[in-house]
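One structure is given below, encoded as structure tokens.
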Amino acid sequence: MKQPDRIAPEETVGGPTAPTAYRKPNGDSPRTAGDPICLPPGISSARFKTFLLRLAGICGEDNVTAITKEEELHHESYLEPSKCHDMFSIMNKEAFIASAVVSPRHTGEVQAIMRLCNEFEIPVWPFSIGRNVGYGGAAPRVPGSLGMDLGCNMNKIIKVDVDGAYALVEPGVTYFDLHNYLVEHNLRDKLWVDVPDLGGGSVLGNTVERGVGYTPYGDHYMMHCGMEVVLPNGELVRTGMGALPNPKADPNAPAYEQEPNESWQLFNYGFGPYNDGTFTQSSLGVVTKMGVWLMTNPGGYQSYMITFPRDEDLHQIVEIIRPLRVGMVLQNVPTLRHILLDAAVHGDRKSYTDSDKPLTDDEIDAIAKKLNLGRWNFYGALYGPAPVREVMWQVVKGAFSQVPGAKFYFPEDQPDNIVLQTRHNTLQGIPSVTELKWVDWLPNGAHLFFSPIAKVSGDEAVAQYALTRKRCEQAGLDFIGTFVVGMREMHHIVCLVFNRKDPKSCEKAHWVISTLVQDAAERGWGEYRTHIALMDQIAQTYNFNDNAQMKLNERIKNALDPKGILAPGKNGIWPQTYDAKSWAIKRPSLASLR
Ligand code: ADP
């Protein structure tokens, strides 16, 4: 894939704070006592020590941790995630690791940290909780960056407005936190929060990465409203209606403490250009507060599962889904899951087979039979009072009954079906971590997501399924995946499970995903989100008109962040201070996997 032509530093708006040097990876310089496992690029040990002292002066010693010991690399549990490296690394563990982690206590400290990082020219990688499983966890793209753990101390639910049906949250508020708040305040009969598959991530982090959930409010970015953002130079911005001061606010208080405009969480756009998108999948700001719309309790709920017996049913199922979804008869974000995704939640691979080859169609059929499931399994829900649900169900059932052998179940029909019982909760905004289990399909299981966008069309679903399954099997992996149905497209999430303690297995997963990125681009398919190791490759596929979008992104980046301090390399955007080519990640070849 052609590397985009980069804008030369002199073409950009560097101004008086223009950078001093082009950053390249550190190489193998020896560590001296007390050094972190990885220093920031181009920063000496002595300068880093001074930086840490200044950092402690801002946030207090207890909130600054240098990553000096190899034990730090042993954190590998979702429940106690690492704050400095990728627990599901496909390369060596130090490929993406922070030099130190800082936990600011409030937005004023975030501003001070940004100014300090500019002074020392040290890259900083912000995250909220840092789980982000399958996409790199808390790890920075540039090894040696300072990790900024926003969720550690900044974890307040600032407000839940029942009449306006919204919340205002800080970065550390998880889906569990927000749901539990509603339960503890007896608000569940009024308000629901939309949750992703795993509830341990932050509401804010998931939204800025444009993650999804499964109720009618499943598009998290669409359902956010208003952000407070610290820019790379430390300035504070409130977007949308937040830019209009609240007349009752204390003008003498620091800006981040000032009472916001009362319409901040009610209307997204305010006046003038709409900036929020700029701060998603972005290296242009640290988001310190965000509004999220909550779904009003619909007054009735019924989840369901429909099983389809044959692999070939995929085409017909997707053709049935399209008009129902775009017409909002399917009210939520439903999922069409391949049998092995469900099977992996029910048991590990060893519980089904002794073979080390990818499972054959006959073997997969046998697993489906054993679990009383289909080759494809559709999970949806009906929302509203009983008469509304009954009418909807007639339409949904009538439509899917056209598929020969389709079977319809409510959760009470299969009380032992852990997936159906979990989806029953997820589709009404009750968070869990049950679905973590599919990662244990292989021993020492870890995963990467390959997530292309697909049209809601039978032809495209079948073509993506055939291609992704073929590439998985070429590398000796099973295909595990799901189609998550948005309004007019599907996020096709292919779950590449590998053994993180087996370098060959890691390489296989890396080969599959990097090959698929290229395969997909050749067919006009692009991914919506990715792991840090794949960001450059994917960014380079979005290259319409001589990489016009990347050039725009680089111009904005260099204007707002002339020293390239904030999340360099995030989503493939390299600041002018970095030699992008020298940060490229090497792709494994198929031959090396043999
Ligand atoms: P989760 O909360 O799901 O564990 P993370 O906190 O790991 O997710 O965030 C995922 C990614 O989103 C981060 O690596 C970072 O790029 C971006 N991100 C998360 N929180 C913020 C934030 N407050 N400001 C800017 N970017 C953020």
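Report yes if some residue within the range 226-244 is over 30 Å from Asn558 (Cβ atoms) and either within 11 Å of the ligand (Cβ to nearest atom) or open to solvent by 40 Å² or more (accessible area, probe 1.4 Å) (or both); otherwise report no.
no
How many of the residues in the range 487-546 are among the hydrophobic types (A, V, I, L, M, F, W, C) and part of a strand (DSSP E or B)?
Counting residues in the range 487-546 that are among the hydrophobic types (A, V, I, L, M, F, W, C) and part of a strand (DSSP E or B) gives 7.
Quickly run through the range 143-165 and pick out the residues that are more than 9 Å from the ligand (Cβ to nearest atom) and touching a strand residue (DSSP E or B) at 6+ places or on another chain (Cβ under 7 Å).
Correct list: Pro143, Ser145, Leu146, Gly147, Ile157, Ile158, Lys159, Val160, Val162, Ala165.
Looking only at the range 494-520, filter to residues that are small (Gly, Ala, Ser) and in contact with a strand residue (DSSP E or B) (Cβ under 9 Å, 6 or more places away or on another chain); which one of those is nearest to Ile538 (Cα to Cα)?
If we take residues in the range 494-520 being small (Gly, Ala, Ser) and in contact with a strand residue (DSSP E or B) (Cβ under 9 Å, 6 or more places away or on another chain), then Ala520 is nearest to Ile538 (Cα to Cα).
This table checks each residue for (1) open to solvent by less than 60 Å² (accessible area, probe 1.4 Å); (2) over 29 Å from the mean Cα position of the chain (by Cα); (3) not assigned by TED's automatic domain parsing to the domain that holds Ala475.
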residue: Pro334; (1), (2), (3): yes, no, no
residue: Ile339; (1), (2), (3): yes, no, no
residue: Tyr352; (1), (2), (3): yes, yes, no
residue: Asp356; (1), (2), (3): no, yes, no
residue: Asp361; (1), (2), (3): no, yes, no
residue: Ile364; (1), (2), (3): yes, yes, no
residue: Tyr379; (1), (2), (3): yes, no, no
residue: Pro385; (1), (2), (3): no, yes, no
residue: Lys397; (1), (2), (3): no, yes, no
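Examine the range 505-528 for a residue that is polar (S, T, N, Q) and over 26 Å from Glu489 (Cβ atoms), and state whether such a residue exists.
Yes; the residues of the range 505-528 include at least one that is polar (S, T, N, Q) and over 26 Å from Glu489 (Cβ atoms).
Can you tell me which residue in the range 58-79 is nearest to the chain's Cα centre (by Cα), limited to those that are farther than 14 Å from Glu94 by Cα and open to solvent by 70 Å² or more (accessible area, probe 1.4 Å)?
For the range 58-79, the residue satisfying everything is Leu79.
Need a quick list: strands (runs of 3 or more DSSP E) entirely within the range 121-165 having at least 2 residues that are open to solvent by 30 Å² or more (accessible area, probe 1.4 Å). If you could, list the steps in order and put the result at the bottom.
On the way: elements: 124-127, 146-149, 157-161.
Here the list reads 157-161.
Specify which of the listed residues (Arg188, Arg141) is at pLDDT 95 or above and not assigned by TED's automatic domain parsing to the domain that holds Trp583.
Exactly one of Arg188, Arg141 is at pLDDT 95 or above and not assigned by TED's automatic domain parsing to the domain that holds Trp583, namely Arg188.
Condition check ((1) open to solvent by less than 10 Å² (accessible area, probe 1.4 Å); (2) in the same structural domain as Tyr352 (by TED's automatic domain parsing); (3) within 18 Å of Pro196 (Cα to Cα); (4) touching a strand residue (DSSP E or B) at 6+ places or on another chain (Cβ under 6 Å)) across all residues:
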residue	(1), (2), (3), (4)
Leu436	no, yes, yes, no
Ser451	yes, yes, yes, yes
Gly476	no, yes, no, no
His492	yes, yes, yes, yes
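Any residue in the range 262-270 that is over 20 Å from the mean Cα position of the chain (by Cα), crowded, with 22+ Cβ neighbours inside 10 Å and in contact (Cβ under 8 Å) with a residue 40 or more places away in the chain?
yes
Look at Pro140 and say whether it is under 18 Å from Pro41 (Cβ atoms) and within 12 Å of the ligand (Cβ to nearest atom).
Criteria met by Pro140.
Filter the range 8-44 for residues that are assigned to a loop (DSSP other than H, G, I, E, B), of a type in the set (Gly, Ala, Ser) and at pLDDT below 85; which is most open to solvent (accessible area, probe 1.4 Å)?
Checked the range 8-44; the qualifying residue most open to solvent (accessible area, probe 1.4 Å) is Ala33.
Answer with yes or no whether Val142 is touching a Leu at 6+ places or on another chain (Cβ under 8 Å) and either free of Cβ contacts under 8 Å to residues at least 60 places away in the same chain or β-branched (Val, Ile, Thr) (or both).
So Val142 fails the test.
Out of the residues in the range 503-540 that are of a type in the set (S, T, N, Q) and buried (at least 17 other Cβ atoms within 10 Å of the Cβ), which is farthest from Val484 (Cα to Cα)?
Going residue by residue through the range 503-540, those that are of a type in the set (S, T, N, Q) are 505, 514-515, 518, 530, 537, 540.
Subsequent filtering for residues that are buried (at least 17 other Cβ atoms within 10 Å of the Cβ) retains 505, 514-515, 530, 537, 540.
Working: Ser505: 27, Ser514: 22, Thr515: 22, Thr530: 16, Gln537: 24, Gln540: 25 Å.
Filtering first and then ranking leaves Ser505.
May I ask you to say which residue of Leu178, Leu198, Leu146 is assigned by TED's automatic domain parsing to the domain that holds Phe48 and of a type outside the set (Val, Ile, Thr)?
The conditions single out Leu146.
Which one is farthest from the ligand (Cβ to nearest atom), of the residues in the range 174-223 that are of a type in the set (S, T, N, Q) and assigned to a helix (DSSP H, G or I)?
The qualifying residue farthest from the ligand (Cβ to nearest atom) is Asn180.
Being of a type outside the set (Val, Ile, Thr) and free of Cβ contacts under 8 Å to residues at least 12 places away in the same chain is the filter here; which residues of the range 355-365 pass it?
Hits for the range 355-365 are Ser355, Asp362, Glu363, Asp365.
The values are calculated or read from the model by the stated rules, or taken from the named source; none is laboratory data. Keep in mind that what you see is a predicted model, and the values were worked out from it rather than measured. Ideal geometry is used to build each Cβ from the backbone, glycine not excepted, and the neighbour counts take in all protein chains shown. Just the protein is used for accessible areas: all its heavy atoms, side chains included, with ligands, DNA and RNA removed. Shrake-Rupley method; radii C 1.70, N 1.55, O 1.52, S 1.80 Å.
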